[in-house]
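S.K.: Got a structure here, written out as structure tokens. Questions coming.
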Amino acid sequence: MKICEVFRSIQGEGKTIGFPTLFIRTSGCNLRCSWCDTTYAMEGGRELSVQDILELAADEDHICVTGGEPMLQKDCPDLLRALASGGKSVVLETNGSMDLSAVPSSESIVISMDIKCPSSGMQDRMLFDNIGLLKKKDQLKFIIADYTDMSHAIDVMEKYSPRCECIFSPVGGMDLEPLAEDVLGRRLRVRVLPQLHKIIWGNRTGV
């Protein structure tokens, strides 16, 4: 697998926010979101085998496989399966444009899937059939920049009725008040979350 970086930090997003986590960041992405904060992961990296990664993760309980886009790596399903079989709690961060049918079915694997809103410029690249693959344990994330993004997110939820929890976060991960007030005003049944790692460390890499 082509790996951009491996580091230990606090999970900054989603339902497992706050847990000390080992991050496996793969290289390469098929999208070019306008507000992407990990452009350095789009190319380069080093080759690591599934076994190499398992050894790095041996003493860890929580693993996040992220990117880039992990599902571009052909060994990604094998890695997820091996981590789950080893007793790890695994989160797969995926951008919503890749077929997720190959993701192993396991209670230990949480799919954290994005739906890109119009501000990203990538809203037409989404594979909405994936929403039907998500289970209650998974999560669907929307990064919200403005009212157009908010309307788009609401339309997607109403059309596809995801079984999992939906999470709204502001672009940049920290300016929560306008988004929280809008969610409350609309009486939406979603979770509003920051990017905790940015609140702690700012826009540093490797955290």
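The values are calculated or read from the model by the stated rules, or taken from the named source; none is laboratory data. Quick caveat, the model's predicted, so the values are computed rather than measured. Because the Cβ atoms are built from the backbone with ideal geometry, glycine has one as well, and the counts that use them run over all protein chains shown.
S.K.: Name the residue that is nearest to V91 (Cα to Cα), counting only residues in region 40-54 that are in contact with a Ser or Thr (Cβ under 7 Å, 6 or more places away or on another chain) and buried (at least 17 other Cβ atoms within 10 Å of the Cβ). Quick ask: steps written out before the conclusion?
M.R.: Start the filter on region 40-54 by keeping residues that are in contact with a Ser or Thr (Cβ under 7 Å, 6 or more places away or on another chain), which leaves 40-41, 43-45.
After this cut, where a residue has to be buried (at least 17 other Cβ atoms within 10 Å of the Cβ) as well, the list is 41, 45.
Numbers: A41: 18, G45: 21 Å.
Going through the qualifying residues, I end up with A41.
S.K.: A follow-up question, please. Determine which single condition S119 fails, assuming it passes every other condition in (1) in contact (Cβ under 8 Å) with a residue 60 or more places away in the chain; (2) assigned to a loop (DSSP other than H, G, I, E, B); (3) of a type in the set (S, T, N, Q).
M.R.: Checking S119 against (1) in contact (Cβ under 8 Å) with a residue 60 or more places away in the chain; (2) assigned to a loop (DSSP other than H, G, I, E, B); (3) of a type in the set (S, T, N, Q), the one that fails is (2).
S.K.: Are any residues in region 175-202 closer than 20 Å to T66 by Cα, surrounded by 12 or more Cβ atoms within 10 Å (Cβ to Cβ) and not β-branched (V, I, T), and if so, which ones? Steps first, answer last, please.
M.R.: To start, the set of residues in region 175-202 that are closer than 20 Å to T66 by Cα comprises 193-202.
Next, from what is left, pick out any that are surrounded by 12 or more Cβ atoms within 10 Å (Cβ to Cβ): 193-201.
Hits for region 175-202 are L193, P194, Q195, L196, H197, K198, W201.
S.K.: Could you list all residues from region 16-51 that are touching a Leu at 6+ places or on another chain (Cβ under 9 Å) and closer than 23 Å to F168 by Cα? Show your work before the answer.
M.R.: Within region 16-51, the subset touching a Leu at 6+ places or on another chain (Cβ under 9 Å) is 17-18, 22, 24, 26-30, 48, 50.
Across region 16-51, the qualifying residues are I17, G18, C29, N30.
S.K.: Of all residues in region 122-148, which are in contact with a strand residue (DSSP E or B) (Cβ under 9 Å, 6 or more places away or on another chain), surrounded by fewer than 18 Cβ atoms within 10 Å (Cβ to Cβ) and in a helix (DSSP H, G or I)?
M.R.: Correct list: Q123, F128, L133.
S.K.: OK, next. Taking the criterion of being without any contact (Cβ under 8 Å) to a residue 40 or more places away in the chain, outside any strand (DSSP E or B) and crowded, with 20+ Cβ neighbours inside 10 Å, would at least one residue in region 55-69 satisfy it?
M.R.: So far as region 55-69 goes, yes, one or more of its residues are without any contact (Cβ under 8 Å) to a residue 40 or more places away in the chain, outside any strand (DSSP E or B) and crowded, with 20+ Cβ neighbours inside 10 Å.
S.K.: Kindly establish whether R46 is in contact with an Asp or Glu (Cβ under 6 Å, 6 or more places away or on another chain) and charged (D, E, K, R).
M.R.: Numbers: in contact with an Asp or Glu (Cβ under 6 Å, 6 or more places away or on another chain): no; charged (D, E, K, R): yes.
Judged against the criteria, R46 is not a match.
S.K.: Go through the residues of region 149-163 one by one and say whether even a single one is part of a helix (DSSP H, G or I), more than 20 Å from the chain's Cα centre (by Cα) and over 23 Å from L127 (Cα atoms). Break it down into steps so the answer makes sense when it comes.
M.R.: Restricting attention to region 149-163, the residues satisfying the condition of being part of a helix (DSSP H, G or I) are 149-160.
Still in the running and more than 20 Å from the chain's Cα centre (by Cα): 151, 155, 158-159.
Those still in the list that are over 23 Å from L127 (Cα atoms) too: none.
Within region 149-163, not a single residue is part of a helix (DSSP H, G or I), more than 20 Å from the chain's Cα centre (by Cα) and over 23 Å from L127 (Cα atoms).
S.K.: Inside region 72-90, can you point out the residues that are under 20 Å from Q11 (Cβ atoms) and either within 14 Å of the chain's Cα centre (by Cα) or of a type outside the set (K, R) (or both)?
M.R.: Matches in region 72-90: C76, L79, L80, L83, A84, G86, G87, S89, V90.
S.K.: May I pose another question? Considering region 180-207 alone, what residues qualify as being part of a helix (DSSP H, G or I) and modelled with pLDDT under 95?
M.R.: Applying the first criterion (part of a helix (DSSP H, G or I)) to region 180-207 yields 180-186, 196-201.
The answer is L196, H197, K198, I199, I200, W201.
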